[in-house]
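One structure is given here, and the rest of the page talks about it.
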Amino acid sequence: MPKITIQTQKKHIEDFEKEHSSYITYAEVLKKILEKAVNIYAPLGVIQARAKTIASFSEKIIRKDKYIKPLEEVTDLCGARVICHFSSQVIKICEFIRENFEVDELNSLDVKSRLNVGEFGYRSVHYIVTPRQAKILDVDIPQELWSLKAEIQVRTFNEHIWADVFHDRIYKTPIEIPSEWKREAARLAAILENADNSFLKMSGIIDQLTINYLPTPHPD
């Protein structure tokens with residue numbers, strides 16, 4: 001017996017249908033803002049943004065059967081993702097988000113902080129945000145969006161590979177996954193984390209060499 005009646009769920013879905021265009025606009029605005037931020041702090045990074053579909057919203061609230069006010073309680077009705085080359089760029093993008101958006105600390109999450117010292121796995125940063133001002137990086141934010149929440153995920157390309165290929169298949173599947181497969185996924189996560197650290201170290205050395213080389217006088 002569902003806790004939330006089907007009639008109530010239908011009303012929630014109808015309410016979301018009325019608001020859906022605002023979330024589509026929100027995704028477009030977020031994409032423009034984050035593209036500009038990436039050009040500054042994480043060149044060649046990738047931005048993805050979307051509004052939750054009506055079908056996805058309907059499936060979620062019916063499956064979870066717990067939302068009294070889903071338009072307020074579901075925090076990913078609009079979502080964006082920033083994918084960077086290096087963990088140092090992730091830090092800069094996170095700082096930008098905190099400086100320019102109101103962050104819902106209760107529902108935001110740095111997933112890395114939940115991993116124990118010997119654990120490897122899903123490592124994205126998730127922020128639940130609302131706009132702090134009417135314009136960010138010269139991108140106008142319509143007033144209708146000022147009270148709406150969105151989820152912004154920030155990760156490196158290697159973290160994205162692991163999350164995109166393994167995380168949902170292993171941890172969000174209805175079937176029972178053998179423990180040895182989970183161990184193998186954790187091993188691959190460790191390899192990718194090590195690759196992230198190596199890329200960051202190498203890029204830092206190359207950048208420093210470039211800076212030091214430029215002022216060197218020509219041998220002639």
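Assorted remarks:
- Solvent-accessible area assigned to carbon and sulfur over the range 1-64 amounts to 56 percent, based on a 1.4 Å probe.
- Distance between modelled label sites at HIS20 and ALA55, nm, 7 Å Cα→Cβ extension: 1.1 nm
- Its Cα gyration tensor gives the range 1-160 an equivalent ellipsoid. The semi-axes, each the square root of 5 times an eigenvalue, are 28, 21, 12 Å from largest down.
- When the convex hull of its Cα atoms is projected in every direction, mean area for the range 55-106 (nm²): 5.1 nm²
- For the range 1-71: Kirkwood Rh in Å [reciprocal of mean 1/r, alpha carbons]: 14.0 Å
- Candidate lysines for bridging to LYS135, where Cα separation is under 23 Å - those fewer than 8 sequence places away on the same chain excluded: LYS31, LYS32, LYS36, LYS92, LYS149
The values are calculated or read from the model by the stated rules, or taken from the named source; none is laboratory data. On a predicted model such as this, the values are computed, not experimentally measured, just so you know. Every residue, glycine among them, receives a Cβ derived from its backbone with ideal geometry; neighbour counts consider all protein chains shown. Protein only, heavy atoms only, side chains kept; ligands, DNA and RNA dropped before computing areas. Shrake-Rupley method; radii C 1.70, N 1.55, O 1.52, S 1.80 Å.
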